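To start, the structure under review is shown below, and the notes come after it.
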Amino acid sequence: MPIIKRQDMKKSPSSAPGVETLRLIDTEHGSVSLRVGEATLSPGGRVPTHIHPNTEEAMVVLEGKIEAIVGDQRVTLSPGDS
């Protein structure tokens, strides 16, 4: 896998309104089942409920708060939560 410098990457609009994404590691960078990215949500922005059948996904909240659904639970995450 190549060295990927964040400053060389460009954010792009997501298919979800109010969301911008930055892909750091994915199949285009030689990964088979790992994705690492950054998502920025505008106030009121929303990522639709979805699954990744062939990859694992983790999130770390840097700023603000976000509601997430994990299994059948709805949880609120704050900065530092993952």
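The values are calculated or read from the model by the stated rules, or taken from the named source; none is laboratory data. Predicted model only: the values in this text are computed from it and were never measured. Every residue, glycine among them, receives a Cβ derived from its backbone with ideal geometry; neighbour counts consider all protein chains shown. Ligands, DNA and RNA are excluded from the accessible area calculation, which covers all protein heavy atoms including side chains. Shrake-Rupley method; radii C 1.70, N 1.55, O 1.52, S 1.80 Å.
Here are a few things to note about the model shown:
- The condition of being under 12 Å from the mean Cα position of the chain (by Cα), of a type in the set (A, V, I, L, M, F, W, C) and surrounded by 14 or more Cβ atoms within 10 Å (Cβ to Cβ) holds for V19.
- Tabulated pairs, the range 1-15, first within 14 Å of V36 (Cα to Cα), second modelled with pLDDT of 75 or more and small (G, A, S), C-beta under 6 angstrom, 6+ apart or interchain: M1/G30
- Of all the criteria given as (1) hydrophobic (A, V, I, L, M, F, W, C); (2) touching a helix residue (DSSP H, G or I) at 6+ places or on another chain (Cβ under 7 Å); (3) free of Cβ contacts under 8 Å to residues at least 12 places away in the same chain, the one not satisfied by A68 is (2).
- Top-ranked residue in the range 30-51 [being among the β-branched types (V, I, T) and surrounded by fewer than 13 Cβ atoms within 10 Å (Cβ to Cβ); ranked as farthest from the chain's Cα centre (by Cα)]: V32
- Subset of the range 52-82 that is open to solvent by 60 Å² or more (accessible area, probe 1.4 Å) and under 12 Å from the mean Cα position of the chain (by Cα) - its residue that is farthest from M9 (Cα to Cα): S82
- Answer residue from the range 1-12, given it is open to solvent by 100 Å² or more (accessible area, probe 1.4 Å) and either closer than 21 Å to T55 by Cα or touching a strand residue (DSSP E or B) at 6+ places or on another chain (Cβ under 6 Å) (or both) and is modelled with the lowest pLDDT among those: M1
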